[in-house]
1. Restricting attention to the range 83-96, report how many residues are under 20 Å from residue 73 (Cα atoms) and either assigned to a strand (DSSP E or B) or touching a helix residue (DSSP H, G or I) at 6+ places or on another chain (Cβ under 9 Å) (or both).
2. Going residue by residue through the range 54-65, is there one that turns out to be part of a helix (DSSP H, G or I), farther than 16 Å from residue 14 by Cα and in contact with a helix residue (DSSP H, G or I) (Cβ under 7 Å, 6 or more places away or on another chain)?
3. How many residues does the range 29-80 hold that are at pLDDT below 95 and on the phi > 0 side of the Ramachandran plot?
4. So, in the range 98-148, how many residues would count as being in contact with a helix residue (DSSP H, G or I) (Cβ under 9 Å, 6 or more places away or on another chain), within 25 Å of residue 65 (Cα to Cα), at pLDDT 75 or above and assigned to a loop (DSSP other than H, G, I, E, B)?
5. Taking residue 16 as meeting all but one of (1) surrounded by 14 or more Cβ atoms within 10 Å (Cβ to Cβ); (2) touching a helix residue (DSSP H, G or I) at 6+ places or on another chain (Cβ under 8 Å), write down the number of the exception.
6. Assess whether residue 83 counts as being more than 17 Å from residue 59 (Cβ to Cβ), in contact with a strand residue (DSSP E or B) (Cβ under 6 Å, 6 or more places away or on another chain) and modelled with pLDDT of 80 or more.
């Protein structure tokens, strides 16, 4: 099911094991895209769908207003005793600054199944490791420099 008209950010929702998953595609930035996300999350709250995963695999950019919208959504869900978690960050398209802020506020998971598992005590999960990503980037830059 698609939520709202096609814009800079497209949202589609589905359920997996009773968890609402919101697939996001495009830019999350000031204007219609962040407003559309807020509206969608508010609708989830009204429908009592309070365990949510944002799938960011196809998000190509998040600006300061987009980051603010994510934190607003997180706060809305927490106020109603729910949980909002992130999965599949597209690290090639997000700045280190944005990645750091996301990791500070949210539980971030490498893949969708790990995020789903995190809602069920006793299931194994792998959190996203920002420091591991930074090390990989440094190694990749070092390899490129040595090849030149």
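The values are calculated or read from the model by the stated rules, or taken from the named source; none is laboratory data. It should be emphasised that the depicted structure is a prediction, and the values quoted were computed from it without experimental measurement. Cβ coordinates were reconstructed from backbone atoms using ideal geometry, including for glycine residues, and neighbour counts include every protein chain displayed.
1. Applying the first criterion (under 20 Å from residue 73 (Cα atoms)) to the range 83-96 yields 83-90, 94.
Narrowing further to those that are either assigned to a strand (DSSP E or B) or touching a helix residue (DSSP H, G or I) at 6+ places or on another chain (Cβ under 9 Å) (or both): 83-89, 94.
Residues in the range 83-96 being under 20 Å from residue 73 (Cα atoms) and either assigned to a strand (DSSP E or B) or touching a helix residue (DSSP H, G or I) at 6+ places or on another chain (Cβ under 9 Å) (or both): 8 in total.
2. From the range 54-65, those part of a helix (DSSP H, G or I) are 64-65; that's our starting set.
Imposing the further condition that a residue be farther than 16 Å from residue 14 by Cα reduces the set to 64-65.
Right, trim to in contact with a helix residue (DSSP H, G or I) (Cβ under 7 Å, 6 or more places away or on another chain) and you get 65.
Yes: the range 54-65 contains one or more residues that are part of a helix (DSSP H, G or I), farther than 16 Å from residue 14 by Cα and in contact with a helix residue (DSSP H, G or I) (Cβ under 7 Å, 6 or more places away or on another chain).
3. 1
4. So the count comes out to 2.
5. Here residue 16 meets the rest and fails (1).
6. Working: more than 17 Å from residue 59 (Cβ to Cβ): yes; in contact with a strand residue (DSSP E or B) (Cβ under 6 Å, 6 or more places away or on another chain): yes; modelled with pLDDT of 80 or more: yes.
So residue 83 fits the description; yes.
This table checks each residue for (1) surrounded by 15 or more Cβ atoms within 10 Å (Cβ to Cβ); (2) farther than 30 Å from residue 138 by Cα; (3) free of Cβ contacts under 8 Å to residues at least 12 places away in the same chain; (4) touching a strand residue (DSSP E or B) at 6+ places or on another chain (Cβ under 7 Å).
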| residue | (1), (2), (3), (4) |
| --- | --- |
| 39 | no, yes, no, no |
| 44 | yes, yes, no, yes |
| 75 | no, yes, yes, no |
| 107 | yes, no, no, yes |
| 113 | yes, no, yes, no |
